[in-house]
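Contents: one structure, followed by commentary.
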Amino acid sequence: MDVLENYTGHVDPGGPASTRTLDALTITKISVGPMDNNAYLLVCRSTNEALLIDAANDYERLSDLFGHIPNRPRLRTIVTTHQHADHWQALGALAGAHGSNTVAHELDAAVLPVPPDVLVDHGDTINVGEVPLSIIHLRGHTPGSIAVVYDDPNGHPHLFTGDSLFPGGVGKTTSADNFASLINDVEDRLFAVLPDDTWFYPGHGDDSTLGKERPSLAEWRARGW
């Protein structure tokens, strides 16, 4: 598999993966499956342990991310951001092949094909190697949707939002109450506490920053989606 080093936040379905290298962590983005799902491989540079966010589809392509060399990273953890089936088609196969711990929120756990080894809630911390990651519960797209944030002490935060936040708006909801819940959580738990240079990585499509999207919050709320 080709892996590009000039990370832009855009990857093409079936195309190369793209990696950005931070002081403590590498982040590799790949698009998989017929719904252009993003999966993100985080690797601790000190321990070579890896965490995958959303084993969405294409078991073979996701496995290729680890390479075929003796020092390939060990996939210790797989996080599922929410219960929708396009985000976990490869979960069982990857977890079984690598002996990985699986992580999800309790409110979405019952739908997943593999019972989570670890249930997380808002404010919890998990680790990839020596790197801490914080869990943010964003209620509305699904009851147990979560985001994952790495607050880089030598840079800006990196936020993995699943289908709760995209460039141009919040994720799809099925009722006015669910939309109100999601837009409230996105405002209160993301935009109110994280800086404008926070780079966010959604479950589909291109990345963005909170600063770029912040001026549109009132418009999103007014339009109701």
If we keep only residues of the range 128-142 that are among the hydrophobic types (A, V, I, L, M, F, W, C) and assigned to a strand (DSSP E or B), then the residue farthest from Arg74 (Cα to Cα) is Ile136
How many residues does the range 143-173 hold that are over 15 Å from the mean Cα position of the chain (by Cα) and outside any strand (DSSP E or B)? 9
Could you figure out which of (1) farther than 22 Å from Ile30 by Cα; (2) under 14 Å from the mean Cα position of the chain (by Cα) isn't true of Val128? (1)
What residue, among those in the range 27-59 that are of a type in the set (Ser, Thr, Tyr) and either open to solvent by less than 20 Å² (accessible area, probe 1.4 Å) or under 25 Å from Pro116 (Cβ atoms) (or both), is farthest from the chain's Cα centre (by Cα)? Thr47
Kindly provide the set of residues from the range 61-110 that are open to solvent by 30 Å² or more (accessible area, probe 1.4 Å) and in contact with a Lys or Arg (Cβ under 6 Å, 6 or more places away or on another chain), ordered by number. none
Among the residues of the range 121-139, is any open to solvent by less than 10 Å² (accessible area, probe 1.4 Å) and not hydrophobic (A, V, I, L, M, F, W, C)? no
Top-ranked residue of the range 107-125 - restricted to ones that are among the charged types (D, E, K, R) and farther than 18 Å from Leu182 by Cβ, ranked as farthest from the chain's Cα centre (by Cα): Asp117
Within the range 185-215, can you find the residues that are assigned to a helix (DSSP H, G or I) and touching a residue at least 40 places away in the same chain (Cβ under 8 Å)? Asp185, Val186, Arg189, Leu190, Leu210, Lys212, Glu213
Of all the residues that make up the range 181-223, how many are among the aliphatic types (A, V, I, L, M) and open to solvent by 40 Å² or more (accessible area, probe 1.4 Å)? 4
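The values are calculated or read from the model by the stated rules, or taken from the named source; none is laboratory data. As the structure is a prediction and not an experimental result, all values here were calculated from the model. Heads up, the Cβs are rebuilt from the backbone with ideal geometry, glycines too, and the neighbour counts pull from every protein chain shown. Note: areas computed on protein heavy atoms with side chains; ligands, DNA, RNA excluded. Shrake-Rupley method; radii C 1.70, N 1.55, O 1.52, S 1.80 Å.
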